[in-house]
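Right, one structure below, let's go through it.
The values are calculated or read from the model by the stated rules, or taken from the named source; none is laboratory data. Being a predicted model, the structure only gives us computed values, none of them experimental. We place every Cβ from the backbone using ideal geometry, glycine too, and count neighbours over all the protein chains shown. Side chains included, ligands, DNA and RNA excluded: accessible areas come from the protein's heavy atoms. Shrake-Rupley method; radii C 1.70, N 1.55, O 1.52, S 1.80 Å.
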Amino acid sequence: GNIELTGFRNEVYTSEPANVEYILKTNFQNYSKGDYNYCLLKDLLGDGIFTVDGEKWRQQRKVSSYEFSARVLRDFSSVVFRKNVGKLANILSEATNANEIVDIQ
């Protein structure tokens, strides 16, 4: 992960699974979005789960928890996967026929 120290705000970027769990689950209360990000996003997202902290966040999470259930996410991802698997197969097939390298990431 990376930590950026800029004047009056600190930002944490990480893709390490243990760090993500620590920040988003184990020690979530210590990693607020903060006023800076709220001010940037409030016109677009209002007081939604992606902009607020604390009690407002807990309320939004309760309201949206159904949409993030395993069944709902699985059903949605299945539809998205079926929609895009043909496109991916065509891209990979064309790259193979042209002997091109494909960066899957």
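Okay, here's what the table says:
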item: Choice from 30, 90, 19 with maximal GNM fluctuation in the chain (Cα, 10 Å cutoff); result: 90
item: 18 Å reach of a label modelled at residue 24, 7 Å along Cα-to-Cβ, counting backbone N of the stretch 64-105; result: 64-78
item: Area accessible to solvent at residue 68, 1.4 Å probe radius, in Å²; result: 120
item: Among 91, 49, 23: highest mean-square fluctuation, GNM of the chain, C-alpha pairs under 10 Å; result: 91
item: Residue 11 accessible area, assembled protein chains, probe 1.4 Å, Å²; result: 40
item: Descending Cα extents along the principal axes, the stretch 13-68, whole Å; result: 32, 28, 17
item: Among 33, 25, 87, residue whose mean-square fluctuation peaks in a GNM of the chain (springs only between Cα atoms under 10 Å); result: 87
item: Radius, Kirkwood style, for the chain when every pair of distinct Cα atoms is counted (Å); result: 17.5
item: Computed label-point distance, nm, for sites residue 90 and residue 15 using a 7 Å Cα→Cβ extension; result: 2.8
item: Value at 222 nm in deg cm²/dmol, rounded to 500, when DSSP H runs of n ≥ 4 in the chain each add -39,500 (n - 2.57); result: -17000 deg cm²/dmol
item: Cross-link reach list, aspartates and glutamates versus residue 87, counting only Cα pairs under 16 Å and skipping chain neighbours closer than eight places; result: 103
